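Below you'll find the structure, written out as structure tokens, and then a few comments.
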Amino acid sequence: MSQYDVHDQVSRRQMLLRSSIGFGAVALSGLLNKETAASSQKLTLPAAAGLKELHHPAKAKNVIFCFMSGGVSHVDSFDPKPKLKQLHGQPMPVTVERTQFNNNGNVMASPFPFTQYGESGIPVSSMFPHIGKHADELAVIRSMTTPVNEHAQGNFFMHTGFPFMGYPSAGAWCAYGLGSANENLPGYVVLQSGDAVPPHGGVPLFSNGFLPAQHQGSILKADKREALHNIQPPDSSLLQKQRLDFAEAFNQDFLSRTGSDPQVEAAIRNYETAFRMQSAVPELCDISGETKSTLEMYGLHSQDKGTVAYGRQCLLARRLIERGVRFIELSCLNEGIGGGNGPNPWDQHGNLETGHRAMSNQVDQPIGALIEDLRQRGLLDETLIVWAGEFGRTPFSQGNSGRDHNPFGFSVWMAGGGVKGGTIYGATDELGYHAVENRCEIYDLWATVLHQLGVNHEKLTYRYGGRDFRLTDVHGNVLTPILS
């Protein structure tokens, strides 16, 4: 006899689980969580979070990761080196490490002049005048390093702390540890524009790895009529509900047979979130209520299609922050602009000046607008913005006009979320080749991000394959000098 026979005795909890695709259980869970929170003031996170409480008071609630795929040249953006101008065209005066292509030329001065901005006087190149206006909000780390020198490995390392696929992304770790503040949207969202493809490494860059499946990055196409495939049901809501109820019955039956398998539970939660996203995502992407001045500030009226596309991502990032999404990653428009190949638009092995100028035109105004908009709305203090590529570029040329990959020292920056603005931390040598002061690793970057979210990076772990894994592996130090 089937377990759904009318003569079976079914508890109220089972009934809630089996009906309305599990939403009754969601409501029950919420009620129980409220009772628990009332009895314990220490419980500060959603019941579904991997952590039961924060390790220390948080300075930030959310993260926006502006990933500059391809490798921005630090000596052309946030780390000026007058020595390069002095030695331009001459052979490198120090030993040259092996590069990706070993087509190494002479010292190459930056084609971009630098200007000091704000009270802090942080120098920023002419590529980023809008970001430069917010120099007093930036903590620029000039001594970042990475152990890898190839795009896919570099992308995986920057995202996961490991140079190959199979490990959770930083966004997945944040969503797992802290849970979602909005049950209608996923905790980790990746925004893309145009006909973008992910950087080298592909969709696994945004993977949940061995964490429960609901923590993987959800890719939203910021400028598509339907931001998420099949988000609008083709059939009537009643027919769809009947189909989902039917699928839910099978899911719950399987779950009862497997003894609360966490992967099955994660799949069920994915279905429930997807159902709720059918109304949440179209509302999120509808920017018709934004003012004309806001749209202009983000560059949505620009003649540069790259600016428009990236500007829409930045605007949606702000809207996602307002809706409590934990971790948002933005993607550069990658249509081969200025010589960069598709997945790596900042990768100028030749004609760097043209390529970097085109890419900076794409992202500078929107990111500057994002900082300003968050500040005006009182959201910057609780939102941590991280700007980084997978590595930097060499101080000498590749061929005559490009630069090869440089993992030995490059720049990233953070803003908001309790970061000490107007700060420069670390340094590369006079050529911008190697980090020589306060050398940093990517583990340190993510240890610092987690710290600002109220998480001790050494205590956010997940047992898999017989050992406890974490985002920072067995490394990482919080960069306390850049924190307020």
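If the only charges are +1 at each Lys and Arg Cβ and -1 at each Asp and Glu Cβ, what is the size of the charge dipole of region 49-193 around the Cα centre, to the nearest 20 debye? Kindly include the intermediate steps, with their values, before the conclusion.
Details: 9 positive and 9 negative charges, 44 e Å.
Taking the Cα centre of region 49-193 as origin, the dipole is about 200 debye.
With each label point set 7 Å from Cα along the Cα-Cβ vector, what nm distance links LEU379 and SER288?
2.1 nm
At a Förster distance of 41 Å, what's the computed FRET efficiency of GLU119 paired with GLU53, Cβ-Cβ distance as r, to 0.05?
0.60
For a quick check: sort MET414, MET92 by the number of other beta carbons within 10 angstrom, fewest at the front.
With the fewest neighbours first, MET414, MET92 line up as MET92, MET414.
I want to check the label-to-label distance for TYR464 and GLN242. Put each point 7 Å from Cα in the C-beta direction and report it in nm to one decimal.
4.1 nm
At a Förster distance of 30 Å, what's the computed FRET efficiency of ASN106 paired with VAL197, Cβ-Cβ distance as r, to 0.05?
The calculated FRET efficiency here is 0.30.
So between HIS475 and VAL436, what do we pick up on full extension, going 0.36 nm a residue minus the alpha carbon distance?
12.1 nm
When a footprinting reagent is the concern and you count Cβ atoms within 10 Å, what order do SER397, SER288, SER293 take, fewest first?
By the 10 Å Cβ count, ascending: SER288, SER293, SER397.
Taking the Cβ of ASP381 as the center, what net charge do the other residues with Cβ under 13 Å away carry, scoring Lys and Arg +1 and Asp and Glu -1? Spell out each step's value before the answer.
Working: positive: LYS59, LYS61, ARG375, ARG377, LYS420; negative: GLU137, GLU382.
In short, +3.
Spin-label point model (7 Å from Cα, Cβ direction): what's the ARG257 to ASN456 distance in nm?
4.3 nm
Values quoted throughout were computed directly from the atomic coordinates according to the rules given, and no laboratory measurement underlies them. Predicted, not measured: the structure shown is a model, and the values here were computed from it. All Cβ positions, glycine included, derive from the backbone under ideal geometry; neighbour counts span all protein chains shown.
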